Amino acid sequence: MEIIKTVSEVRDIVKKWRKAGHSIGLVPTMGYLHAGHGSLVEQSVKNNDKTVVSVFVNPAQFGPNEDLEKYPRDIKRDSELVASLGGDIIFKPEPEEMYKKSNATTVKVEGLSQKLCGITRPVHFAGVCQVVSKLFNIVTPDNAYFGLKDFQQYVIINKMVEDLNFPVKINPCAIVRDKNGLALSSRNVYLTDEETKSALSLNQSLQYAKSLISSGEKKAFFIIDEITKIINNVPYSKIDYVKIVDIDTLDDIDIVEKKYAVLLAVYIGKTRLIDNFTELS
Ligand code: PAF
């Protein structure tokens, strides 16, 4: 398993694979891989002849006061994991390889990008769309794999692919949780032991919401209120949002019946975590 650093080398490898008739899966990541990423790689390896994992901490998707510098990195561990799962190459470009100083092009999915996480992270999704569209153009995958923990990202990427006619299938992959129910995230490493205990309230509140909905509760405001109470009850928590939305438009819904997603973003200490459940979960 090789680590490739330049766009031209990836293009050469892809050209050879295409000539040999191979299908290609892409797993875009920012590295510091965990079992959630592992499940994306496994699905790609299972369903494609070749799998490319990109590892790139994308500066364009971080706001000025966010954790770009501090974002955890461990390429040795990442490459061991990708190799053990049967991935073929890691594409790990430097920022200068991905973004020329003269870059003047942005990719923005209007509307969807300004809701939910887009309110506290106004540049985030344009940065995601920019790097993902570049990766699609560089790797030309048949399939790309995205985790459903980043549900808004998944919806936005789908819209971008539809609007810009990218010839790639977007495959959603289930959220992977630790044994206590905490959704895996590279940012969990920032949490202290005490904060980790508080972070469990995210999934606990979602599980309670799920049970309310299964027992017939349909009023979104009531379910949101119950989630809010559970999270506000633990130390270090500060809710950014708790929302129940339509899965296509990401607009709030009042009655929880079908096509819904229950989404939340919560600061635990200084760490912002997201979690959700949807019809797709
Ligand atoms: O989900 C992520 O890790 C990132 O947003 C992505 C898709 C790799 C783009 O940098």
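The values are calculated or read from the model by the stated rules, or taken from the named source; none is laboratory data. Keep in mind that what you see is a predicted model, and the values were worked out from it rather than measured. Cβ sites come from the backbone with ideal geometry, for glycine too, and all protein chains shown count toward neighbours.
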Complete set of residues in the range 152-195 that are over 29 Å from Gly111 (Cβ atoms), out of contact with any helix residue (DSSP H, G or I) (no Cβ under 7 Å at 6 or more places or on another chain) and surrounded by fewer than 18 Cβ atoms within 10 Å (Cβ to Cβ): Asp178, Lys179, Val189, Thr192, Asp193, Glu194
Residue list for the range 176-193, filter: in a loop (DSSP other than H, G, I, E, B) and away from the ligand (no atom under 16 Å from the Cβ): Asp178, Lys179, Asn180, Gly181, Leu182, Leu191, Thr192
Selected residue (only one of Lys101, Lys159 is among the basic types (Lys, Arg) and modelled with pLDDT of 95 or more): Lys159
Leading residue by the ranking (surrounded by the fewest Cβ atoms within 10 Å (Cβ to Cβ)) among those in the range 69-92 that are within 15 Å of Gly31 (Cβ to Cβ), of a type outside the set (A, V, I, L, M) and touching a strand residue (DSSP E or B) at 6+ places or on another chain (Cβ under 8 Å): Lys92
Conditions (1) closer than 16 Å to Pro59 by Cα; (2) away from the ligand (no atom under 13 Å from the Cβ); (3) in a helix (DSSP H, G or I): number failed by Thr196: (1)
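Could you please find all residues in the range 211-230 being farther than 23 Å from Tyr267 by Cβ and touching a residue at least 12 places away in the same chain (Cβ under 8 Å)?
We begin by selecting, within the range 211-230, every residue farther than 23 Å from Tyr267 by Cβ; these are 211-219, 222.
Within the range 211-230, Leu212, Ile213, Glu217, Lys218, Lys219 meet the criteria.
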Residue that is farthest from the ligand (Cβ to nearest atom) [pool: residues in the range 118-164 that are assigned to a helix (DSSP H, G or I) and among the small types (Gly, Ala, Ser)]: Gly118
Residue within the range 214-233 that is under 15 Å from the mean Cα position of the chain (by Cα), surrounded by fewer than 20 Cβ atoms within 10 Å (Cβ to Cβ), part of a loop (DSSP other than H, G, I, E, B) and not acidic (Asp, Glu) present: no
Wholly within the range 1-117, strands (runs of 3 or more DSSP E) carrying at least 2 residues that are touching a helix residue (DSSP H, G or I) at 6+ places or on another chain (Cβ under 7 Å) and away from the ligand (no atom under 16 Å from the Cβ): 2-4
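Return yes or no: is Val45 in contact with a Phe, Trp or Tyr (Cβ under 8 Å, 6 or more places away or on another chain), surrounded by 15 or more Cβ atoms within 10 Å (Cβ to Cβ) and among the β-branched types (Val, Ile, Thr)?
Details: in contact with a Phe, Trp or Tyr (Cβ under 8 Å, 6 or more places away or on another chain): no; surrounded by 15 or more Cβ atoms within 10 Å (Cβ to Cβ): yes; among the β-branched types (Val, Ile, Thr): yes.
Against the criterion (in contact with a Phe, Trp or Tyr (Cβ under 8 Å, 6 or more places away or on another chain), surrounded by 15 or more Cβ atoms within 10 Å (Cβ to Cβ) and among the β-branched types (Val, Ile, Thr)), Val45 does not qualify.
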Candidates Asn203, Asn180, Asn143, filtered to the one that is modelled with pLDDT of 95 or more and closer than 22 Å to Gly25 by Cα: Asn143
